[in-house]
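Working notes, structure below.
Bear in mind that the values in this text are calculations on the coordinates, not laboratory data. Predicted model only: the values in this text are computed from it and were never measured. In this analysis, Cβ positions are derived from the backbone assuming ideal geometry, glycine residues included, and neighbour counts consider all displayed protein chains.
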Amino acid sequence: MAEAGATAFRLNASHLDADRLAAALADLGRACPGAPVVVDLQGAKMRVALPAPRNVAAGARVTLAPRGEADLVVPHAELFAQARRGDTLSLDDGRILLEVVAATAGGIEARVACGGHLLPNKGINVVQHPVRLDRLTARDAAACEAAARHDAGALAFSFMLDGTEAAWLRALSPRSLVVGKIERADALPQLDALARRVDAAWICRGDLGVQLGPAGLARFVAGFDPARLPVPVLMAGQVLEHLVRHAEPTRSEVCHLFDLAARGYAGIVLSDETAIGDDPVRAVSTAAALLDAFRR
């Protein structure tokens, strides 16, 4: 992928414990000396501790708990402290939606409003009011320490709210740059303050699209000028998603990529295209070739 045109690598710490993350950083250092590496932290994004894929049927009742016996175990006490009856829980970037029927600190009962096939370790959040994190989790702290030991170029914080979270990361990995991932609606009014506290920002359309809805997301992206922020801004989320299973991007994706480059985005972040795609190298070379052609 480096030879194909990748200018940095993203390691998703949500899917790697500290030991595996350290091993991956060491492998990347040996294979691509000097290549920038971004360790993407879980941040305020919560994930379902699902050991194997399962179908979640529309109309069914499901239980969620921070531990023990439940249909879905979500090991994040913050969710159960902040979720309320009537809230909508979004799983896997809105592909599955649960309506909260009852909520306590010990568990949630919900009705499946939109069902689907749920894969292990997918994200979950509250649509109406994303769960606030008041401190760095132990998992992310361990990832920061591993990043510091291996001189990772940057740390990305998921669901950043106002940029104060950057201080948590710099305290543990002072040589790493900090990336603020913009994926919650209540961060948008605070973008200017957030940008003053980070070194780069990613517009992450997956969870942000769940927060704003499809039309709201389109309005935000169309009206947002990346040049207004004092840091580089990258676009993430389904940029060239067709490449996950196909050899070529759609015409629509190519036109949108041209628009991103013309409007001043510093780059793009490939996710599924390279994490689970059929041909990660082709995905990178296609994206790099298009961006190079746009610059001519």
> So which trypsin sites (Lys or Arg not before Pro) in segment 193-243 end up in coil per DSSP with only 13 or fewer other C-beta atoms within 10 Å?
Replying inline: Arg196
> Can you give the alpha-carbon Rg of segment 188-264 over 2.2 N^0.38 Å, where N counts its residues?
Replying inline: 1.17
>> Could you work out how much longer the chain between Phe258 and Asp199 gets when fully extended? Use 0.36 nm per residue separation minus the Cα distance between them, nm to one decimal.
In response: 18.8 nm
> Taking only the alpha-carbon positions of segment 43-129 and ignoring solvent, what does the Debye formula give for the base-10 log of I(q)/I(0) at q = 0.21, 0.26 Å⁻¹?
Replying inline: -0.94, -1.60
> Counting only Cα, what are the radius of gyration and maximum Cα-Cα distance Dmax of the chain, in Å?
Replying inline: 19.0, 58
> DSSP loop trypsin sites (Lys or Arg not before Pro) in segment 68-131 with at most 13 other Cβ atoms within 10 Å of their Cβ, which ones?
Replying inline: Arg84, Arg85
> Taking one equal scatterer on every alpha-carbon of segment 102-141, how large is log10 of I(q)/I(0) by Debye at q = 0.33 1/Å?
Replying inline: -1.18
> Taking the Cα centre of segment 47-124 as the origin, how large is its charge dipole in debye, to the nearest 20, when only Lys and Arg (+1) and Asp and Glu (-1) carry charge on their Cβ atoms?
Replying inline: 60
> Can you give me the Cα centroid spacing of segment 87-106 and segment 120-179 in angstrom?
Replying inline: 23
>> Using a 7 Å offset from the Cα along the Cα-to-Cβ direction at both Arg170 and Ala102, what is the distance between the two label points in nm, to one decimal?
In response: 4.7
>> Skipping prolines and chain starts, which residues have an amide H placed within reach, meaning under 5 Å, of the one on Lys181, given they are 5 or more residues away or on another chain?
In response: Phe157, Phe159, Met160, Trp202
> Relative contact order for segment 47-124 using alpha-carbon pairs under 8 Å, separation at least 6, rounded to a whole percent?
Replying inline: 41
> Packing-wise, with mean Cβ within 10 Å as the measure, how do 41-47, 8-14 rank, highest first?
Replying inline: 41-47, 8-14
